[in-house]
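All of the numbers you see were taken from the coordinates with simple rules; none came from a lab. Keep in mind the model is a prediction, meaning the values are calculated, not measured. Cβ sites come from the backbone with ideal geometry, for glycine too, and all protein chains shown count toward neighbours.
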Amino acid sequence: MDLGLTPSETKFRDELRAWLKTNLPAKKVKTAESGTEYFDYLKNWQRKLFEGNYAGVSWPKEFGGRGASFMEQAIFQEELALADAPERMGTIGQGLVGPTIITVGTEEQKKRYLPAILSGEEVWCQGFSEPNAGSDLASLETKGIREGDDFVVNGQKIWTSYAHIADQCMLVVRTDMTAAKHKGMTCLLVDMKSPGITVRPLKMMSGDSGFNEMFFSNLRVPAKNVLGKVNEGWNVAITALSNERANLGTGLYVVFKRNLDAVLEHARKLRRNGKPVIEDPVIRQKLAQSYLDLEVFRLNTTRSLSNLNKTGVPGPEGSIQKLYWSELNQRNAQVAMEVLGPYAQLTNFDDGRWVYNYLRSRGNTIEAGTSEVQRNIIAQRVLGLPRSY
Amino acid sequence: MEFDLSKPQQLLQKSARDLFARDCSAKRVRELMATDTAFHPELWSAVADQGWLGIHLDESVGGLGLGAVDLAVVAEEMGRACYPGPFLGTVWAATLIAEANSKSKHLEPLTTGAAKGAVAYLEPDAGWCPENVQLKATAAGGGFKLSGRKSFVSDAGLADVIVCVARTGDGLALLAMPAKTSGVTITRTPALDQSRKLYDVDFAGVTVAADDVLSVGQAAETALARSIQVATLATSADMLGGMQWMIADAVEYAKTRQQFGKVIGSFQAVQHMCADMLLLTESSRSAIYFAAWALDAEPASAARAISTAKAYSSDASREVANRAVQVHGGIGFTWEHDLQLYYKRSKASEILFGDATYHRAQLADLVFSA
């Protein structure tokens, strides 16, 4: 048990701090998931990180990463939070697709896709869910039929985050209609500019268009774009989802910490009943719970990265992280509303940040696997209880 | 940076687990609980012989010279076994004396287990902040004279040495004395957790010699704060061990108990309770072992880390205990099932050194005013 930094970790941190001092963007652009100004802002930040060799701290050097350890990845996340850095762009590419390509991709695929993920040149989306395949992903129906050197894809995906801006898609389709449902799927890497793809944005309850429907009509995908093996797409999807659960949380700490700091700032300034809100003992209890929940999230993340450093493979225990951060963010969004009182509902107060956070967090326990699915995974794959379905 | 037990710490964990599995069965715990003091000489010397009473204290005072993480490892295994006896009182007293005046003759017998200890801190007002200490120590002949009552004193009935936290004109005083000192009366107060007993300690004009004054004023307050952090950590780790036992027991039961022709662990309502128990237990583990590390390595963040760990694990431990009983159904609610031992110990530990509400208030002061 030693959470102190080794000499090389200290060197990494000090260099990173110095780098952040000169490279952090001076001007802050406010959050809004679909806004192009915000998107450009994040894209520029990603480019800067890439040029500074910080875009993929724990990724292999030959594909644009830094080749550092997962502990340095953890230090990186904490330093970004301390420096109040912008959030990361392209979480699907960096958190989910990239690590999966590193694990099961061909050399050619690694060379083709990985550097562009890190530099922010290519944004990815993830074509998994369908209208009739949500939590029960293995029942998906979108077909990929082999014709010569291509797979011809027909069908529909839904809830596809970033499809409206994505350059590439990691798409899971059914390629063997006769096999058992977990066995006949294949994972394809699809250029979103290909003919045969129609993207239709769906509005979230927050008013943003962060996710989409995707329709495929005779989309042709070259067979060399199969990720992993044909008809073994289920395992590839599980690898991707395990990475998603392990990685998504690490970047979110920065976002959550910034939200809490902003709430505290308001609690100091806003007055209610003749005194600053932060002096209200009930509010203090709630804010302290927000603080400690977030602190436990940080520690859980560091611990799981420390574990990943030894095993190299994210396991089903990532579901604990997903469950934890999604429920934490909902609780903390609620506490923020209570601190702000009637101001919380104004869409022009802080550019609507608190309305947005509250509404957006509602989706957290549904996206990337519902809380119920996460609990099933924990019960069945970590605790060894029998399957319930 | 490594967020995991080191090799030697893993060995320590294993030897503690093996020792308690062998010598501290639930059957034995139940027999001891039924007695006035819940004490067993061999169970006590087994721990003392390992040096665990001073595991985190310097070798110069009879300790093992290891750290707070090692103390947490042992305390966790004690929680897993519902270890009865005066471990907490003795470790708290030893830590307090080591911090306040390591030359005191009372220290070494405690770290070696030759003597048992207790800290008389809470008063009938029962607030965990030091400002609540009102029992007066009046200067007398180089030492002090003490009159008043201390309550909720862990392990006092077994103690050979009592450290009393009292108020003087110059701030707090830490006064050590043999429990048999004339004017000291120790009375058991029956309570929920029978594996670790609580007592009232009355001081009726007790004379404390100059030699037995460990520290007065700022130095006393600093020593007290640090010793409470160490004892709070040990209490949190004890809860973690209890959570570990309860989740293992509930999952095992869910895998074997059948209803509707299936094991109940195949029902999602039961699975989800078990999943929540794991999240609560593992998150407590992260918070507690970070706090243990911070106590030694990062004193500036120790107070926050300890309050985070105690607040989180107090709520978590109660929730894990509730779900464990719920998974068991009727049998979990009986005297016969060992869950009741853990259910009660978990509740007592939640109260000990302040519950989540107390520590959230502490955190608010530490974090928001900064």
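Dipole size in debye (nearest 20) for segment A:236-382 around its Cα centre, Lys and Arg Cβ +1, Asp and Glu Cβ -1?
Numbers: 20 positive and 14 negative charges, 42 e Å.
Computed charge dipole of segment A:236-382: roughly 200 debye.
Where does chain A land at 222 nm, in deg cm²/dmol rounded to the nearest 500, when only DSSP H runs of n ≥ 4 count, each adding -39500 (n - 2.57), divided by all residues?
On the way: 10 runs with 174 residues, N = 389.
Result for chain A, helices only: -15000 deg cm²/dmol.
Can you work out the FRET efficiency for the pair residue B:204 and residue B:36, with r the C-beta to C-beta distance and R0 = 25 Å, to the nearest 0.05? All intermediate terms of the calculation are to be shown ahead of the outcome.
Values: r = 22 Å, r/R0 = 0.90.
Calculated value: 0.65.
Where the only charges are on Cβ atoms (+1 Lys, Arg; -1 Asp, Glu), what is the dipole of the protein assembly as shown about its Cα centre, to the nearest 20 debye?
On the way: 82 positive and 85 negative charges, 247 e Å.
Roughly 1180 debye for the protein assembly as shown.
Most fluctuating residue of A:353, A:47, A:271 in a GNM of chain A with Cα springs under 10 Å: which is it?
Among A:353, A:47, A:271, the largest GNM mean-square fluctuation belongs to A:271.
So how far apart, in nm, are the two label points at residue A:183 and residue A:389 if each is 7 Å from Cα heading toward Cβ?
2.2 nm
What do you get for the angle between helix A:318-340 and the principal long axis of chain A? Use alpha-carbon atoms, 0 to 90 degrees, nearest ten.
40 degrees
Once the dipole of chain A is set up with Lys and Arg at +1 and Asp and Glu at -1 on Cβ about the Cα centre, which of A:383, A:344, A:361 lies farthest towards its positive end?
Ranked along the dipole, the leading option is A:344.
Report the local net charge at residue A:219: Lys and Arg +1, Asp and Glu -1, summed over other residues whose C-beta lies under 12 Å from its C-beta.
Numbers: positive: A:143, A:157, A:193, A:220; negative: A:147, A:150, A:191.
So the environment of residue A:219 carries a net charge of +1.
Give the calculated FRET efficiency between residue A:220 and residue A:139 to the nearest 0.05, with a Förster radius of 30 Å applied to their Cβ-Cβ distance. Write out the running numbers ahead of the final one.
Numbers: r = 25 Å, r/R0 = 0.83.
Efficiency, rounded to the nearest 0.05: 0.75.
Determine the shielding of peptide B:263-273 by partner chains: average, over its residues, the number of Cβ atoms on other chains within 10 angstrom of each Cβ.
On the way: counts 2, 1, 7, 7, 4, 8, 1, 3, 12, 8, 2.
The per-residue average across the peptide is 5.
Using only DSSP helix segments of four residues or longer, with each worth -39500 (n - 2.57), what per-residue ellipticity at 222 nm results for chain B after dividing by its residue count and rounding to 500? Walk me through the intermediate numbers first.
On the way: 11 runs with 188 residues, N = 370.
Result for chain B: -17000 deg cm²/dmol, rounded to the nearest 500.
Quantify how strongly other chains surround peptide B:301-310 by giving the mean number of their Cβ atoms within 10 Å of each of its Cβ atoms.
Numbers: counts 0, 0, 0, 3, 2, 0, 4, 8, 4, 1.
Going residue by residue through B:301-310 and averaging, the value is 2.
Can you give the local net charge around residue B:36? Use residues other than it whose beta-carbon is closer than 10 angstrom to its beta-carbon, Lys and Arg +1, Asp and Glu -1. Kindly include the intermediate steps, with their values, before the conclusion.
Numbers: positive: B:188, B:197; negative: none.
Taking every Cβ under 10 Å from that of residue B:36, the sum is +2.
Place +1 on the Cβ of every Lys and Arg and -1 on the Cβ of every Asp and Glu in the protein assembly as shown, take the dipole about the Cα centre, and give the residue among B:3, A:292, B:127 whose Cα lies farthest towards its positive end.
Going by the charge dipole, the pick is A:292.
Mind putting a number on the dipole of segment B:220-368 about its Cα centre? Charges go on the C-beta only, +1 for Lys and Arg and -1 for Asp and Glu, and I need it in Debye to the nearest 20.
Working: 13 positive and 15 negative charges, 62 e Å.
The dipole of segment B:220-368 has a size of about 300 debye.
Residue A:202's amide H: which non-local residues (gap 5+, or another chain) put their own amide H closer than 5 Å, with H modeled 1.01 Å from N in plane and none for Pro or chain starts?
A:211, A:212, A:213
If you line up the long axis of helix B:299-328 against the longest principal axis of chain B, both from Cα atoms, how many degrees apart are they, to the nearest 10?
40 degrees
Compute a Gaussian network model of chain B, connecting alpha carbons closer than 10 Å, and tell me which residue from B:106, B:337, B:359 fluctuates the most.
Between B:106, B:337, B:359, it is B:337 that shows the largest mean-square fluctuation.
All other residues with a Cβ under 12 Å from the Cβ of residue A:145 taken together, and with Lys, Arg as +1 and Asp, Glu as -1, what is their net charge? Spell out each step's value before the answer.
Values: positive: A:143, A:146, A:174, A:220; negative: A:147, A:150, A:176.
Once positives and negatives cancel, what remains is +1.
Under a plain spin-label model, where a point goes 7 Å from the Cα along Cα-to-Cβ, how far apart in nm are residue A:262 and residue A:347?
For the pair residue A:262/residue A:347, the computed spacing is 1.7 nm.
Comparing B:260, B:20, B:353, which has the greatest mean-square fluctuation in the GNM of chain B with Cα pairs linked when under 10 Å apart?
Top of the fluctuation ranking is B:260.
Quote the FRET efficiency, to the nearest 0.05, computed for residue A:8 versus residue A:61 with a Förster distance R0 of 22 Å and r equal to the Cβ-Cβ distance. Don't jump to the answer; show the numbers that get you there.
Details: r = 16 Å, r/R0 = 0.71.
So, using R0 = 22 Å, E works out to roughly 0.90.
If the limit is 20 Å between Cα atoms, which of A:157/A:181; A:27/A:61; B:150/B:344; B:14/B:116; A:110/A:224; A:110/A:322 go over it? Write down the numbers at each step before the final one.
On the way: A:157/A:181 17 Å; A:27/A:61 31 Å; B:150/B:344 23 Å; B:14/B:116 25 Å; A:110/A:224 12 Å; A:110/A:322 27 Å.
Violating the 20 Å limit, Cα to Cα: A:27/A:61; B:150/B:344; B:14/B:116; A:110/A:322.
Angle check, please: helix B:218-256 long axis (alpha carbons) against the longest principal axis of chain B (alpha carbons), in degrees 0 to 90, nearest 10.
So the helix axis and the longest Cα principal axis differ by about 20 degrees.
Mind checking B:285-293 for the average number of partner chain beta-carbons within 10 Å of each residue's beta-carbon? Present the calculation step by step, with values, prior to reporting the outcome.
Working: counts 3, 10, 5, 1, 4, 9, 1, 1, 4.
Going residue by residue through B:285-293 and averaging, the value is 4.
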